[in-house]
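Below: the structure, in C-alpha cells.
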Amino acid sequence: MKPVRTAARVMLSAIFVSSGVKILLNPESKAESASRVTERVRPLLEKVDPRIPTDAVSLTRIKAGADVVAGLLLATGHLTRPAAAVLAAGLMPTTVAGHAFWTAPKEDRAAQQTQFLKNLGLLGGLLLAAADTEGRPGLKYRTTHAAGRTQREVKRAADRTQREVKRAVRTAKREAKIAAVSASAGRKLG
C-alpha cells in the first residue's frame, strides 16, 4: 500500500505546489478574489497582533508560501498529517472566495460550480491524508491501549504482591509452629 499512498500524496500535493509557486510569483493575480476573505479576517488579525500584515497581497503571498511548503512536505512524506491539515485549512477560504458559484453570473455559474466541486474533492483527499496513520495505530488507539496495559500491569503487580504476602504469612505461621513445637519439646526434655 505504501507505493499507492506515496503516489496519491504526490498527485494530491501537485496542484498546491504548482499554483502556490505561480501565486508567489504574481500574488496580485489572486489578491482581488482573496480580498473577499481577507477583508473579513482583517479585524481579527489586527486584534491578534498589529504587526501581522493584513493587506490582500501579503496574505495571498503567505497562503501561497504555506501551500508550497505543506505541498512539498506532503509529497515527500514528511509531516504528512500536519501538512494535509494545513492545506485543508487553506483550501476552505480559497474555495469560498474564488469559486462562490452562488453569486456568479448565470453564464459563469457552471464553471465556478465545477471548480467548487473540484475543490471539495481535493478537501476530501486532504482530510483522508490528514487522518491517515499509514497502517500504524493512531494516537487515540495508542493512548487507550497504553492505559489499558498500565491498568493490567498494576493489577498483576497487586496480585503478585498479594500472593507473596500470603506466602510470607504461611511461612511465618509454619516457622512459628515449628518454633513452638521445638520449644515445647525442649521443656519436656528439661
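Overview of values
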{"item": "The range 49-71 residues that are in the same structural domain as residue 29 (by TED's automatic domain parsing), paired with ones that are surrounded by 15 or more Cβ atoms within 10 Å (Cβ to Cβ) and in a loop (DSSP other than H, G, I, E, B) (beta carbon under 6 Å, 6 or more apart)", "result": "57/27; 60/27; 61/27"}
{"item": "Which numbered condition residue 120 fails, given (1) farther than 24 Å from residue 4 by Cα; (2) assigned by TED's automatic domain parsing to the domain that holds residue 88", "result": "(1)"}
{"item": "All positions within the range 1-14 that are crowded, with 16+ Cβ neighbours inside 10 Å and either closer than 14 Å to residue 66 by Cβ or among the basic types (Lys, Arg) (or both)", "result": "9, 13"}
{"item": "Close pairs (7 angstrom Cβ cut-off, 6 or more residues apart or separate chains): assigned by TED's automatic domain parsing to the domain that holds residue 127 in the range 1-24, surrounded by 13 or more Cβ atoms within 10 Å (Cβ to Cβ) and among the basic types (Lys, Arg) anywhere", "result": "23/30; 24/61"}
{"item": "Lone unmet requirement of (1) touching a residue at least 12 places away in the same chain (Cβ under 8 Å); (2) farther than 30 Å from residue 11 by Cα; (3) of a type in the set (D, E, K, R) for residue 134", "result": "(2)"}
{"item": "Any pair with Cβ under 8 angstrom, 6 or more apart, that starts in the range 86-107 at a residue that is not assigned by TED's automatic domain parsing to the domain that holds residue 70 and ends at one that is in a loop (DSSP other than H, G, I, E, B) and of a type in the set (Asp, Glu)", "result": "none"}
{"item": "Residue ID - farthest from residue 10 (Cα to Cα), chosen from residues in the range 44-93 that are at pLDDT 85 or above and of a type in the set (S, T, N, Q)", "result": "58"}
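The values are calculated or read from the model by the stated rules, or taken from the named source; none is laboratory data. This is a predicted model, so every value here is computed, not measured. Reconstructed Cβ throughout: ideal geometry from the backbone, glycine too, with neighbour counts over all protein chains shown.
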